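Asks: My questions will all concern the structure given below.
The values are calculated or read from the model by the stated rules, or taken from the named source; none is laboratory data. This one's a predicted model, so the numbers in the text were calculated from it and none came from an experiment. Virtual Cβ from ideal backbone geometry, glycine too; neighbours counted across all protein chains shown.
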Amino acid sequence: MRANLIGLMLFVAMCMISPLCGAYEVRTLPIGGTTAVVVSVGVSEKLELFLSASDGKFLGNFDRLLEYLEAENRSLLFAINAGMYHSGGRPVGLYIGHHNERYPLNEKSGEGNFFMKPNGVFIRDEKGFAILSTEQFIARTFSADIATQSGPLLLQNSEIPPLFKPNSTNNKYIRSVVGVKTPGEVNFVITNGPVNFYTLAAFFKVSLGCRDALYLDGYVSSLYLPKIGRKDSRRYENGKSVNLGPIIGLTVCREGDGTQQ
């Protein structure tokens with residue numbers, strides 16, 4: 001009872017200090033010669049991780065997610081890809097949804113963006129939103145109700161990792177990233193054109209004022225945002241469609257304010 005009361009008090013305190021508590025905001029901002037869509041979400045919003053439908057099959061795209069939510073009489077306000085995954089949709093690293101750990105933390109070394117160090121985990125727990133390095137997550141003393149692991153970290157305690165260079169012309173892609181400014185506010189970003197890692201990191205630090213930011217993915221990055229008329233279709237690689245893995249989305253119950261979009 002005492003722990004629940006303390007958690008409630010912390011939640012109320014965050015709502016008092018976060019201008020986005022109970023709301024979400026959409027902006028389009030300039031970044032590195034292109035633009036980015038920024039979706040800022042308050043901690044009291046119904047932000048959820050999605051991976052599979054009630055039949056156990058991976059969702060893989062926004063259409064399947066919409067069907068899943070329709071059956072539950074819920075609407076989807078916003079969604080974006082939420083971390084790297086193997087072919088078929090299985091997350092490469094940690095996946096926790098509704099306090100249920102479906103896939104464990106990945107502490108291995110390997111090739112590719114996920115394994116660039118430091119990598120990390122985006123979480124929401126009783127204190128709010130946070131982005132932790134994988135090592136920090138191992139040492140945690142709290143439980144998360146949602147968590148997704150990806151990499152690399154683009155910002156850590158407001159510092160840009162030295163491996164990212166300002167004038168790099170390599171590895172420019174459309175990209176998606178999550179960044180945390182305060183425990184009461186999270187920012188999801190998808191670029192409308194190719195940018196490098198440093199440009200993204202500087203954008204989160206300077207333009208958004210975030211302390212921590214975690215890379216989600218590259219060319220498969222996809223956005224569902226009917227507020228601006230956007231529902232990205234499937235990406236293609238070598239002529240074959242590529243489904244999504246984990247998806248993070250903002251939902252509302254349909255009884256009160258709206259129809260499925």
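Asks: Consider residue 55 carefully, then state whether it is more than 30 Å from residue 170 (Cα to Cα) and modelled with pLDDT under 95.
Replies: In short, yes.
Asks: Can you tell me which residues in region 232-245 are hydrophobic (A, V, I, L, M, F, W, C) and modelled with pLDDT under 90?
Replies: The one that is hydrophobic (A, V, I, L, M, F, W, C) and modelled with pLDDT under 90: 242.
Asks: Do the conditions hold for residue 248, that is, is it surrounded by fewer than 21 Cβ atoms within 10 Å (Cβ to Cβ), among the aliphatic types (A, V, I, L, M), under 25 Å from residue 63 (Cα atoms) and modelled with pLDDT of 95 or more?
Replies: No; evaluated as a whole, the condition is false for this residue.
Asks: Of the residues 170, 106, 157, which single one is over 19 Å from the mean Cα position of the chain (by Cα) and either within 20 Å of residue 205 (Cβ to Cβ) or not aromatic (Phe, Trp, Tyr) (or both)?
Replies: Within the list 170, 106, 157, the selection yields 170.
Asks: Which of the residues spanning region 148-172 are without any contact (Cβ under 8 Å) to a residue 60 or more places away in the chain and either among the β-branched types (Val, Ile, Thr) or in contact with an Asp or Glu (Cβ under 9 Å, 6 or more places away or on another chain) (or both)?
Replies: Answer for region 148-172, where residues must be without any contact (Cβ under 8 Å) to a residue 60 or more places away in the chain and either among the β-branched types (Val, Ile, Thr) or in contact with an Asp or Glu (Cβ under 9 Å, 6 or more places away or on another chain) (or both): 155, 156, 157, 158, 160, 169.
Asks: If you scan region 186-198, which residues turn out to be farther than 14 Å from residue 219 by Cα and crowded, with 23+ Cβ neighbours inside 10 Å? Reasoning before the result, please.
Replies: So in region 186-198, the residues farther than 14 Å from residue 219 by Cα come out as 186-188, 198.
Answer for region 186-198, where residues must be farther than 14 Å from residue 219 by Cα and crowded, with 23+ Cβ neighbours inside 10 Å: 186, 187, 188.
Asks: Can I ask one more? Go through region 62-75 and give me each residue that's touching an Asp or Glu at 6+ places or on another chain (Cβ under 9 Å) and surrounded by 13 or more Cβ atoms within 10 Å (Cβ to Cβ).
Replies: Within region 62-75, 62, 75 qualify.
Asks: Could I ask something else about it? For region 118-143, give me each residue that is free of Cβ contacts under 8 Å to residues at least 60 places away in the same chain and over 19 Å from residue 179 (Cβ atoms).
Replies: 135, 138, 139, 140, 141, 142, 143
Asks: Another question about this same structure. Just to verify a result, which residue in region 212-232, among those that are over 15 Å from the mean Cα position of the chain (by Cα) and touching a residue at least 24 places away in the same chain (Cβ under 8 Å), is surrounded by the most Cβ atoms within 10 Å (Cβ to Cβ)?
Replies: It comes out as 232.
Asks: Here are some conditions: (1) assigned to a loop (DSSP other than H, G, I, E, B); (2) of a type in the set (A, V, I, L, M); (3) over 30 Å from residue 102 (Cα atoms). Residue 206 meets all but one. Which one does it not meet?
Replies: With (1) assigned to a loop (DSSP other than H, G, I, E, B); (2) of a type in the set (A, V, I, L, M); (3) over 30 Å from residue 102 (Cα atoms) applied to residue 206, the lone miss is (1).
Asks: Could you list, in sequence order, all residues of region 48-67 that are among the acidic types (Asp, Glu) and either under 17 Å from residue 254 (Cβ atoms) or in a loop (DSSP other than H, G, I, E, B) (or both)?
Replies: Hits for region 48-67 are 48, 55, 67.
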